[in-house]
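Q: Have a look at the structure that comes next, please.
Each reported figure results from applying straightforward, stated rules to the coordinates on display, with no laboratory input. Since we're looking at a predicted model, the values are computed, not measured. Using ideal geometry, Cβ is built from the backbone for each residue, glycine included, and neighbour counts are taken over all protein chains shown.
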Amino acid sequence: MPVSPKSLLALTRRLAETSPAEVGHRAWSGVQRVVDEGWFALGRSGRPVRATDGSVTFETPWLESASIDEAAQRLRFCRSDYADDIVTRADAICRGTLTLLGTRVDYGQRVRWQADPISGRDWPHVFHARIDIFGGAARYGDVKYVWELNRHQFLPTLGKAYRLTRDPRYVAAGVQMIDHWIEDNPYQLGINWASALEVAIRALAWVQACGLFEGATSFDGRRRQKILASLEDHRRYLSRHLSTYFSPYNHLVGEAAALSVLGTALPALSGAAGWRESAWRMLVRETTRQFHPDGGSVEQATGYHHFTLGFYLQAALARRRVGLPIDGPIWTALERASEYSMYLTRPDGQMPAIGDGDEGRAFDLEQASLWDFRVFLALAATLYGRGDFKRIAGVFPSDLAWVIGRKGWDEYDSLPTCPPTSTSKSLESSGYYILRSGWENDAQYLCFDCGEISAGVRHADVPSAAHGHADALAIEVSVSGRPALVDPGFYTYNGSAEWHRYFRDTAAHNTVVVDGESQATYRGRLRWSQGYRATPHHWVTTACMDYAEGSHDGYTRLASPVQHRRGVLFMKPDYWLLRDELTGEGEHQIDRYFHLAPDFDPTVLGS
């Protein structure tokens, strides 16, 4: 295929910005892929687990077995509706009925693990690196669905049902599913070995589920050994395919967290202590790269903020259970990340849908709704003794009992609540200002975005992937607790290219568009070039008013450059004033967008 001069120039610029370490890493990965594929072709890509046998006991990473049984007993007596719901969902799974990203799929007795759940078409049964993951959407379906299926995050539900009822059929169903998966997905074959992050999430689900399965007769030595052997394959794949440069944000964190948890929960795996500590050191190093000083994720996407936070929490809790030290930088970063989440939470308990979001979960914690992350605040309230976190989180979430047990539940209930120290808040390093009247459910709320697109987006004409949107100076508003102006969020990763672009471009956000252009240049799936610089200028908060002001240079790339500056004044608790200033030369088309919440009916007064 001929290469255009423009593409060649972009590649040259990209190489010029690439460090020698990255070039070396990518070169070595290419060599490693050739070697792996050679062994795969010879049928010699697997190897047996060493230093383990079928008598190895699985423990859930966060609680010992006796504490799990105590939690199950309390849930049966104190939260019977929750317990009944778990059993109902587990019964559906036993019948082969799974709900994947809101879609119900009936599989019957055996799941087709490599088939797209929506189209029913099989992804290629070839060496994983040969699969065109994102180019195959039209032929096979959106890869997100087959990966959601193979994350196996429904398996812990079977384990919970077993602990609640002691009915062994739940464990039998779960173990059989894992058994079938191992048979149908040999190491490095097919779509389910094509992403290290997916391998990591599946490994975390297996470890948690198998810890809940302990005590059932169907979870025998032969099956333990088979699962341990596959988990060793998962560990080996992760160690060789870390997303160090490919996706050094939530992907890398998830992969390192899985290695850390595997090594902590299954010390019998060969060399577990060594790669457990290596993965943990990576997580410690990454804290300052993953979170701004104010706790916000550098990916500038609220969904991915909690995705990353969930991985970190799992690794930290696993170490806490076995008495391993948790380094101060991580412990501090997780508290700040939780505090950031608290301040962004709207009066209705939801988070603004800022940036990309794929409905994925890192941590098996039930959320009241897709954008309700208060279960994380409840967990953090217990870990840090924070009454303000508890105030926002509300009643103890039932699903958290499987993580912190009855003891943690009691600690949460006895923790005195208190309001956060501030109502309005400057989160300047991540670029957000929260202007609110109070912490009541009917409070006024405005989120003002003065942040960058995302870490890693270049200002030059070189494409780079990111989960942030071109949303500089956008606002989200709740009136008397009800969402009024909203960020529409994200629609699709691998579906319609037109809608994929629309939801990421500037016009899909509550800000200003100049000459019909986006603030940054869209370069295809998840990629931007010519990223803008957003600059916070002023922040003032008093008992009676708040004022925030910022600007961005996204439109200075136009033939006739334009600078956009926006100020937001909140006269508490009655109204906001929005002032946009656009400076430049020549004639331009200026559009100011306001996206209303679906059930919000505004009344426009005056002209």
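Q: When only C-alpha pairs under 8 Å and at least 6 residues apart count, what is the relative contact order of the chain, in percent? List each step's numbers first, then the result.
A: Working: 1116 pairs, mean separation 65.4, N = 607.
Contact order relative to length: 11 percent.
Q: With +1 assigned to the C-beta of every Lys and Arg and -1 to the C-beta of every Asp and Glu, and no other charges, what is the dipole magnitude of region 401-536 about the Cα centre in debye, to the nearest 20?
A: 360
Q: While we're here: Pairing the Cα long axis of helix 374-384 with the longest principal axis of the chain, what angle in degrees results, from 0 to 90 and rounded to the nearest 10?
A: On a 0 to 90 degree scale, this one is about 80.
Q: Moving on. Treat region 53-241 as a sphere of radius equal to its Kirkwood radius over Cα pairs and apply Stokes-Einstein at 37 °C in a medium of 0.692 mPa s; give the translational diffusion coefficient in µm²/s, rounded to a whole number. Mind dumping the intermediate values first?
A: Numbers: Rh = 17.2 Å.
D, rounded to a whole number, is 191 µm²/s.
Q: Sort Thr382, Thr521, Thr103 so the one with the fewest other Cβ atoms within 10 Å of its own Cβ comes first.
A: The most exposed by this proxy come first: Thr103, Thr521, Thr382.
Q: Take the alpha carbon atoms of region 73-113, find their center, do the same for region 465-484, and report the distance between the two centers in whole angstrom.
A: Region 73-113 and region 465-484 have Cα centres separated by 34 Å.
Q: Taking only DSSP H segments of four or more residues, each worth -39500 (n - 2.57), what value at 222 nm results for the chain once the sum is divided by all its residues, to the nearest 500 deg cm²/dmol?
A: Rounded to the nearest 500, the figure is -13500 deg cm²/dmol.
Q: Let me ask you something else. Taking just the alpha carbons, could you work out the radius of gyration and Dmax for the chain, both in angstroms?
A: Expressed in Å, the Cα Rg and Dmax of the chain come to 24.8, 78.
Q: Something else about it: Select from region 534-587 those GluC sites (Glu not before Pro) which occupy a DSSP coil region and have at most 12 other Cβ atoms within 10 Å, ordered by residue number.
A: Listed in order of number, the matching sites are Glu585, Glu587.
Q: How big is the dipole moment of region 100-198 about its Cα centre under a simple scheme where the beta carbon of each Lys and Arg is +1, that of each Asp and Glu is -1, and everything else is neutral? Debye, nearest 20, please.
A: Details: 12 positive and 11 negative charges, 62 e Å.
Using only the charged Cβ atoms, the result is roughly 300 debye.
Q: Short version: ³J(HN,Hα) in whole Hz for each residue of region 222-227, in order, from phi by Karplus 6.51 cos²θ - 1.76 cosθ + 1.60 (θ = phi - 60°), x for Gly and Pro, what are they?
A: 4, 6, 4, 4, 5, 5
Q: On a 0 to 90° scale, report how tilted helix 155-165 is relative to the longest principal axis of the chain, with both axes built from alpha carbons and the result rounded to the nearest 10.
A: Approximately 60 degrees, to the nearest 10.
Q: Ranking Arg523, Arg406 by Cβ neighbours within 10 Å, fewest first, what do you get?
A: Ordered by Cβ neighbours within 10 Å, fewest first: Arg523, Arg406.
Q: Any chance you could give the angle, 0 to 90 degrees and rounded to 10, that helix 328-344 forms with the longest Cα principal axis of the chain?
A: 50
Q: Cut-off is 10 Å between beta-carbons; in what order do Tyr555, Tyr237 appear when sorted fewest neighbours first?
A: In order of increasing Cβ crowding within 10 Å: Tyr237, Tyr555.
Q: Further question: When the dipole is taken about the Cα centre of the chain, and only Lys, Arg (+1) and Asp, Glu (-1) are charged at their Cβ, what size is it in debye, to the nearest 20?
A: 1920
Q: Report the Stokes-Einstein translational diffusion coefficient (µm² s⁻¹, integer) for region 425-592, Rh taken as the Kirkwood radius over Cα pairs, at 10 °C with viscosity 1.306 mPa s.
A: Here the translational diffusion coefficient equals 96 µm²/s.
Q: Work through the residues other than Glu498 whose Cβ is under 12 Å from its Cβ and net out their charges, Lys, Arg +1 and Asp, Glu -1.
A: With Lys, Arg at +1 and Asp, Glu at -1, the neighbours total +1.
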